[in-house]
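Presented below is the structure to which this report refers.
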Amino acid sequence: MSFLYDIILCTYNGAPFISKQLESFLIQDIKPNKIIISDDGSSDYTLAIINKFFNQKNFTNYEIISGPKKGVINNFFFALKYAKSDYIFLSDQDDIWHKEKISEFSKIAHHTDKPNLIFSDAILIDEIANEIDPSFFQYQGLTVKCLDDDSILFKNCVQGAACAINKPLRDLVLQSLKVIDVNNLYMHDWWIALLAKYYGGYQFIDKPLIYYRQHSQNQVGASSNKYRFLSYFLQFTKYWNNFRKAISQINELERVTLLQNGSSLKYKKNRQYKYIPKIKLLAVKLLNL
């Protein structure tokens, strides 16, 4: 049985790194059905590099679209409309895929009418591709167990660049945009994780299948878990604002119940938060969340 997938690549002034990412797409054992590049108004040579690369490789199954120019979250959601295959992979412009990424995902991907998310670990690299840490999960202090209970409401463990969604989850994301305010979302990958948790399913591949590049231009960067507790106090305003954003995101999740005919999360009893930091757990209890 063939594994049909599209890639959504969102770009914005990605000229320094884009070629390596494109190369990593085409060395996969199973080639993409289509690559969708949603460019959010690049003013450098990003689009010229993309066109030249694909012409040299004689690869024609790609489409370049103009993004909405409203930031990375809106750009990914906008591009989803153009993806039609069984599975859709999200990709950042500056990362590099492991050569066995697609073959590993295809082993566990299955046909289902329910929304489904598959995601993996990543290797953290610097601007010149030197390894910083062999596990993004360990470096960030993440655990997939966040999805076992309600911890995912306040701590995301799904990295967008390391995930794939099936068509039913893609459809649910697009449907959700009709009833929510995107400005209240923390990040597109977190929103996808929430929809998969409460309205579908998920699978985790405990292998690093992308090289996640950490540099000064990252929209959302990685930070070591080693000094996380201290950073809560040194950057209290930042973490408090992020916590409030997570609450806003939960409120938006309530609206999706109208689409899914499910019980409202707002009134769900006995929520469990076993896998969030103690300082967050304290705030959750104080606010009766």
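A few points about this structure:
- Exactly one residue out of Leu169, Leu142 is within 22 Å of Phe89 (Cβ to Cβ) and part of a helix (DSSP H, G or I): that is Leu169.
- The lone exception for Ala196 - which of (1) exposed (fewer than 12 other Cβ atoms within 10 Å of the Cβ); (2) among the small types (Gly, Ala, Ser); (3) modelled with pLDDT of 95 or more it fails: (1)
- Test set (1) modelled with pLDDT of 95 or more; (2) more than 22 Å from His98 (Cβ to Cβ) - Arg228 fails condition number: (1)
- Residues that are free of Cβ contacts under 8 Å to residues at least 24 places away in the same chain and open to solvent by less than 30 Å² (accessible area, probe 1.4 Å), drawn from segment 99-141: Phe137
- Residue within segment 29-46 that is open to solvent by less than 70 Å² (accessible area, probe 1.4 Å), farther than 30 Å from Asn184 by Cβ and among the hydrophobic types (A, V, I, L, M, F, W, C) present: yes
- Put simply, of Asn183, Asn156 the only residue that is at pLDDT 95 or above, of a type outside the set (Asp, Glu) and part of a helix (DSSP H, G or I) is Asn183.
- Among residues of segment 269-284 that are farther than 16 Å from Lys145 by Cα, those with a Cβ under 7 angstrom from a residue that is in a loop (DSSP other than H, G, I, E, B) and hydroxyl-bearing (Ser, Thr, Tyr), sequence gap 6+ or separate chain, pair up as Val284/Tyr273.
- Any pair with Cβ under 7 angstrom, 6 or more apart, that starts in segment 51-71 at a residue that is under 18 Å from Ala15 (Cα atoms) and ends at one that is polar (S, T, N, Q): Phe53/Ser19; Ile65/Ser38; Gly67/Ser38; Gly67/Asn75
- Close pairs (6 angstrom Cβ cut-off, 6 or more residues apart or separate chains): without any contact (Cβ under 8 Å) to a residue 12 or more places away in the chain in segment 236-253, surrounded by 14 or more Cβ atoms within 10 Å (Cβ to Cβ) anywhere: Tyr239/Tyr232
- Unique match (being open to solvent by 10 Å² or more (accessible area, probe 1.4 Å) and touching a strand residue (DSSP E or B) at 6+ places or on another chain (Cβ under 7 Å)) among Phe59, Phe54, Phe17: Phe17
The values are calculated or read from the model by the stated rules, or taken from the named source; none is laboratory data. What you see is a predicted model, and the numbers here were worked out from it, not measured in a lab. Because the Cβ atoms are built from the backbone with ideal geometry, glycine has one as well, and the counts that use them run over all protein chains shown. Accessible surface areas use protein heavy atoms only, side chains included; no ligands, DNA or RNA. Shrake-Rupley method; radii C 1.70, N 1.55, O 1.52, S 1.80 Å.
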